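Read-outs throughout are calculated quantities, based only on the coordinates presented, and are distinct from any laboratory measurement. Since the structure is predicted, the reported quantities are computational estimates derived from the model, not experimental observations. Note that each Cβ is placed from the backbone with ideal geometry, even for glycine, and that neighbours are counted across all protein chains shown.
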Protein chains: 2
Amino acid sequence: MTGTGPLRDVRAEVDAALRAFMDLQLEAMGPGMDGWPDLAPMHAAAVDLLAEGKRLRPAFCYWGWRAAGGDRRPEIFAAAASLELLQGSALVHDDVMDGSDTRRGMPSAHRKFEALHRAAGWQGSPGRFGEGAAILLGDLFLVWSDQLFQGSGLPGEVLAAARPVFDRMRTELMCGQYLDLLEQAKGEAGTVESAYRVAVHKSARYSVERPLHIGLMLATAALGHKPEDWIDELCAAYGTNVGVAFQLRDDILGVFGDPAETGKPAGDDLREGKRTILIARALEAATPAQAATVRALLGDPALDVAGVETLREIIVETGALDAGERMIAGYLETALDGLAAAPITAEAREALHALAVAATSRRT
Amino acid sequence: MTGTGPLRDVRAEVDAALRAFMDLQLEAMGPGMDGWPDLAPMHAAAVDLLAEGKRLRPAFCYWGWRAAGGDRRPEIFAAAASLELLQGSALVHDDVMDGSDTRRGMPSAHRKFEALHRAAGWQGSPGRFGEGAAILLGDLFLVWSDQLFQGSGLPGEVLAAARPVFDRMRTELMCGQYLDLLEQAKGEAGTVESAYRVAVHKSARYSVERPLHIGLMLATAALGHKPEDWIDELCAAYGTNVGVAFQLRDDILGVFGDPAETGKPAGDDLREGKRTILIARALEAATPAQAATVRALLGDPALDVAGVETLREIIVETGALDAGERMIAGYLETALDGLAAAPITAEAREALHALAVAATSRRT
């Protein structure tokens, strides 16, 4: 996916914007400031996490901007890069909530701080220290995100036009994460419908629809246009459908994916007990014996390779995997129909087409 | 303290701004939206927490605005109220990090969600669910804070003038909290000097100096003036000194305060093992036997009334309590000298004087 044109194109610019921003943070919390070098691990953890990532959300934002007639300029890459900081916050806090050990192939932030505590031989619980520090790192990412958005260099009235979408996206993200926690807590009571609701809230809107919408609104305002109906139609048809398909692909990769590609141990989503559309679909079609096995194994932190394999077999045998692939193909088709109908430039249409395929294809 | 004129005056307006904002959030996440009523406990927890609080930070912001010539208008109360949302985030995340059971006399947010999980008989650990939900509630407060600031109704260029201070304040807050975690982890290695550093970062700047500075910058920009040197001088002299004295008062109340006034069980700071200036000062003057007692009792979650009393006696006998009171008086005097020298209106000077006394006096 990293080799795809529209993503590769955006990545270098977004990387540069993030590096410049983190250099600015060194002036606020860095050498010469009171508290340094104690704060160095905090800055380093942020830089390390930001070094990875596919820049998917900034790409949707940038191509939304281009689709509405915006030109290539540094300010839009800075505004788009703010979405990567928001994602950084979500990842760090998500890992604390899930108790995940790894992220993007490295130890998760709270595990890094836990190791720092252990190595220094400090007092108290290394685990509590690690979680506390990671909560604060996620908080930093969260405030940095709107700082970079608001300080992107785009005129105030242009940013103000996209602010309602930016704000709604963030509230939706937190609410979606909470619904996800609830889904796991409710366990088998969860249905395909309620898992779909989480996927829309937590992933589709936040990963695709709102970033695209922000880009569209920014360019519309920058060009002095009024927002037209096709913008909402494109966001609904393309944004939501690519978003849900993207989440479904992520669910499948979380169960069947190669650890070298996902950056997570095989079957980690099963160990965490994630209540995805895939799992809900498998449970709906499971025999009582299969359902009992899922109940016994899903969410077991000590789940071994054999256990992962057993769950994979049930997901295949119940037809949930095939159903998931069919759903992805269906959502993608609807999304591309919506894209074809939008009055946007050929270049943006081509890029958004390629992005939709890349975000939902079998390989990350 | 709530009866003091300059605070009472601001409180009603800030309360109204917060209520209006939380009503707006009901439109984003409330009845009729996908996910409601599952999201109702999240909204309710936010409203409950916001119902309490002294509105100290908004008051410093408002009187900064008035000091630089701003007039009384709804927009400044909305901008000032954004600081109360930031404080909400800090409190909720702080309680998760410290494992605190209570806040403002009620169960802390994570304990409320833990109880919700238990009452519903959901799967998994109630404690983990509670912490996860509280992390998300704190995240909501954090994004709502800049949403309300940016959407206060003040012109974009006026907000932009205060943005660097607003942004710096938030990064300082998170970094200060991290230094506080470190201080506790390092335990006895902490000194009065390092505890002072935490107090400046985590409390003085965030609670007094930056809110005041934001108000001053907003009014300066609103009136089309250039920021003058006296603004920085007032922020340094009054802001930092009132802020550190406020933190010292909080430290003393955390050990000696009446639970009915602090909203926390007696000696809760001792149970949490907080490494305050007061504790650092006591340890510096302690006999080896006293130091051993502090080492054994401080941070013991099961510390009983007798243990609290023993630690209180050591803090008194080492002279730390008297030293703390002397420091508060000294900081307050320096602050009031700085206030007297600033070219501000008599009304603002009087209000800031009363606020400084109220924030640092023996009774909350």
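Between rounded, prolate and oblate, where does chain B land on the alpha carbon gyration tensor, with a ≥ b ≥ c its root eigenvalues, rounded for a/c under 1.5, else prolate if a/b exceeds b/c?
Since a/c reaches 1.5 but b/c is at least a/b, the shape of chain B is classed as oblate.
Taking square-rooted eigenvalues a ≥ b ≥ c of the alpha carbon gyration tensor, is region A:187-307 rounded, prolate or oblate, where a/c under 1.5 means rounded and, failing that, a/b exceeding b/c means prolate?
Here region A:187-307 falls in the prolate category.
Compute the signed sum of charges (Lys and Arg +1, Asp and Glu -1) over the other residues within less than 13 Å, Cβ to Cβ, of A:L336.
Here the count lands on -2.
Taking a point 7 Å out from Cα toward Cβ as the label site, list the nm distances between B:P227 and the same residue in every other copy, smallest first.
Taking the point 7 Å beyond Cα along Cα→Cβ, the inter-copy spacings are 3.3 nm.
Arranged from highest to lowest average of other beta-carbon atoms within 10 Å per residue, in what order do the peptides B:76-86, B:300-310 appear?
Averaged packing, sorted descending, gives the order B:76-86, B:300-310.
Taking the simple approach of a point 7 Å from Cα along Cα-to-Cβ for both B:S125 and B:A302, what is their distance in nm?
Those two pseudo-labels are separated by 2.0 nm.
When each copy gets a label point 7 Å from Cα toward the beta-carbon at B:D337, what are the spacings between them in nm, shortest first?
Ordered by increasing distance: 7.7 nm.
Order of B:132-138, A:159-165 by packing, highest average Cβ count within 10 Å first?
My ranking of the peptides, most packed first, is B:132-138, A:159-165.
Shape of region A:64-207 from its Cα gyration tensor (a ≥ b ≥ c, root eigenvalues): rounded if a/c is under 1.5, otherwise prolate when a/b > b/c, or oblate?
Oblate is the answer for region A:64-207, as a/c is 1.5 or above yet b/c matches or exceeds a/b.
Please enumerate, by chain and number, the lysines with C-alpha under 29 Å from the C-alpha of B:K274, excluding those fewer than 8 residues away in the same chain.
The reachable lysines, counting only those whose Cα sits under 29 Å from B:K274, are A:K112, B:K54, B:K112, B:K186, B:K202, B:K264.
Which Cα, out of B:A133, B:G5, B:I279, lies furthest along the positive dipole direction of chain B (beta carbon charges, K/R +1, D/E -1)?
Checking the options against the dipole of chain B, the answer is B:G5.
Determine the sum of side-chain charges near A:L173: Lys and Arg each +1, Asp and Glu each -1, restricted to other residues whose C-beta is under 9 angstrom from that of A:L173.
The answer is +2.
Could you go through region A:221-235 in sequence order and give the Karplus-derived ³J(HN,Hα) for each residue, using 6.51 cos²θ - 1.76 cosθ + 1.60 with θ = phi - 60°, rounded to whole Hz, and x for Gly and Pro?
Karplus-based 3J(HN,Hα) across region A:221-235 equals 5, 5, 8, x, 8, 9, x, 9, 4, 4, 5, 4, 5, 5, 4 Hz.
Please average, across the residues of A:122-134, the number of beta carbons from any other chain that are within 10 Å of each residue's own beta carbon, and give a whole number.
5
Can you compute 3J(HN,Hα) from phi for each residue in region B:71-83, using the Karplus curve 6.51 cos²θ - 1.76 cosθ + 1.60 with θ = phi - 60°, rounded to whole Hz and x for Gly and Pro?
Those phi angles translate into 9, 6, 7, x, 4, 6, 5, 5, 4, 5, 5, 4, 6 Hz.
Based only on other Cβ atoms within 10 Å, what is the fewest-to-most ordering of A:W36, B:W63?
Ordered by Cβ neighbours within 10 Å, fewest first: A:W36, B:W63.
Using a 10 Å cut-off around each Cβ, can you sort B:V14, B:V158 from fewest to most neighbouring Cβ atoms?
Result, fewest neighbours first: B:V158, B:V14.
Considering only the label points, 7 Å along Cα→Cβ from Cα, what distances in nm to one decimal separate B:E317 from the same position in each other copy, shortest first?
7.1
Measuring from the axis that superposes chain A on chain B, report the chain A residue with the minimal C-beta distance, rounded to whole Å.
Rotation axis A onto B, closest Cβ, rounded to whole Å: A:G156, 2.
I'd like the Karplus ³J(HN,Hα) series for region B:10-26: coefficients 6.51, -1.76, 1.60, θ = phi - 60°, whole numbers in Hz, and an x wherever there's a Gly or Pro.
Residue by residue, region B:10-26 yields 7, 4, 4, 6, 5, 4, 5, 5, 5, 5, 4, 5, 5, 5, 4, 5, 4 Hz.
In the protein assembly as shown, with Lys and Arg counted as +1 and Asp and Glu as -1 at Cβ, which of these residues, A:L18, B:M106, A:I231, has the Cα nearest the positive end of the dipole, that is, farthest along it?
A:I231
Using modelled backbone amide H atoms (1.01 Å from N, in-plane), which distant-in-sequence or interchain residues come within less than 5 Å of B:T102's amide H?
B:S108
Specify the inter-centroid distance of region A:210-272 and region B:303-352, based on alpha-carbon positions, in whole Å.
First find each Cα centre; the distance between them is then 52 Å.
Charges only on Cβ, +1 for Lys and Arg, -1 for Asp and Glu: so what's the dipole of region A:5-360 about the Cα centre, in debye to the nearest 20?
With only Lys, Arg, Asp and Glu charged at Cβ, the dipole is about 240 debye.
Given the DSSP H assignment, sum -39500 (n - 2.57) over each helix run of at least 4 residues in chain A and divide by its residue total; what's the result at 222 nm in deg cm²/dmol, nearest 500?
Roughly -23500 deg cm²/dmol at 222 nm, from the helical runs in chain A.
Work out the charge dipole of the protein assembly as shown with +1 on the Cβ of Lys and Arg and -1 on the Cβ of Asp and Glu about the Cα centre, then indicate which of A:S89, A:A351, B:I252 is farthest towards its positive end.
Comparing the listed Cα positions along the dipole, A:A351 ranks first.
Across every pair of different alpha-carbon atoms, what Kirkwood hydrodynamic radius in Å does the protein assembly as shown reach?
26.7 Å
Starting with the highest mean, order B:116-128, A:216-228, A:87-99 by the number of other Cβ atoms within 10 Å, averaged over the residues of each peptide.
Per-residue Cβ counts within 10 Å, averaged per peptide and sorted highest first, yield A:87-99, A:216-228, B:116-128.
Across the residues of A:19-28, average count of Cβ atoms on other protein chains within 10 Å?
Per-residue shielding by partner chains comes out at 1.
Please give the average number of partner chain Cβ atoms lying within 10 Å of the Cβ of each residue in B:35-45, rounded to a whole number.
The mean count of partner-chain Cβ atoms within 10 Å per residue comes to 3.
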